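Asks: Take this structure first; my questions come after.
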Amino acid sequence: MLNQNNQQQSSTQTPGQPAFGGHELFDAHESIGALIGTLDHFVLYADHVQDPELTGIMQRQQSFLTQMYNTIVDTLTSGHDPAAKTQVYKMEESNQTIYGMSPSAPKKPIQSANELNDECISAGILGHLKGISTHFTTTALEATNPVLRRVFADSIPNTIEMAFEMYLYQNKKQFYQVPTLQPQDAQAIRQSYAPIQGNISH
């Protein structure tokens, strides 16, 4: 009798309806909120961008994120495969990072919307994309609905690719500089690990 009561209490889903756990719904809510916030900022930033290259990146990313949003909402609403499957984002930036530091003016927060520039805008979008990637990862790890889990998991490489594209743009413009270690220190770290020898038993 006790087992039957436990089974009845644990089965709260309506028959025929897709099952969602409360935890994943909260996580999905946070993830979608982060995605909406990012898309909102694309709109707010658009009129302040000066570099046509940055405009092109933003337009491609905004279009892709909009489709991603619709796919996630479709999945959350239905609990089944979305009408529009997850796509693969392909950036147009090269993978070349410029290493080293060059003198630059100290950074500080802007005090007026009139101070918005391409450095500020690209940094803001990069921050948003990093946030989305983190939220999506948490949601994918917590989701009990297999379709929702897969949609979030499949979207993570795309948000990472977009973030890396924005980083590369910033790096090229010297907005995001990459310091390096002394060669001997870098070499010491790279050689500080050794492979496991022999066969691994299972």
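Asks: Can you find, within segment 82-91, the residue that is farthest from the chain's Cα centre (by Cα) among those that are farther than 20 Å from S133 by Cα and surrounded by fewer than 13 Cβ atoms within 10 Å (Cβ to Cβ)?
Replies: A83
Asks: Sticking with this one: Quick one: how many residues across segment 99-125 are of a type outside the set (G, A, S) and more than 15 Å from D51 (Cβ to Cβ)?
Replies: Looking only at that region, the number is 11.
Asks: Is it true that T159 is buried (at least 18 other Cβ atoms within 10 Å of the Cβ) and in a helix (DSSP H, G or I)?
Replies: Answer is yes for this residue.
Asks: Another question about this same structure. L54 passes all but one of (1) touching a residue at least 60 places away in the same chain (Cβ under 8 Å); (2) among the aliphatic types (A, V, I, L, M); (3) under 21 Å from I132 (Cβ atoms); (4) loosely packed, with under 11 Cβ neighbours inside 10 Å; which number fails?
Replies: Here L54 meets the rest and fails (4).
Asks: Could you pull out the residue among I110, I156 that is modelled with pLDDT of 95 or more, touching a helix residue (DSSP H, G or I) at 6+ places or on another chain (Cβ under 7 Å) and β-branched (V, I, T)?
Replies: I156
Asks: Quick one: what pairs do we get from segment 160-181, first residue in contact (Cβ under 8 Å) with a residue 60 or more places away in the chain and within 11 Å of M101 (Cβ to Cβ), second aromatic (F, W, Y) and in a strand (DSSP E or B), C-beta under 6 Å, 6+ apart or different chains?
Replies: Every condition considered, the pairs that remain are V178/Y99; T180/Y99.
Asks: Also, quick follow-up: Can K108 be described as without any contact (Cβ under 8 Å) to a residue 40 or more places away in the chain, outside any helix (DSSP H, G or I) and either at negative phi or under 18 Å from the mean Cα position of the chain (by Cα) (or both)?
Replies: Answer is yes for this residue.
The values are calculated or read from the model by the stated rules, or taken from the named source; none is laboratory data. Values in this document were obtained by computation on a predicted structure and should not be read as measured data. Virtual Cβ from ideal backbone geometry, glycine too; neighbours counted across all protein chains shown.
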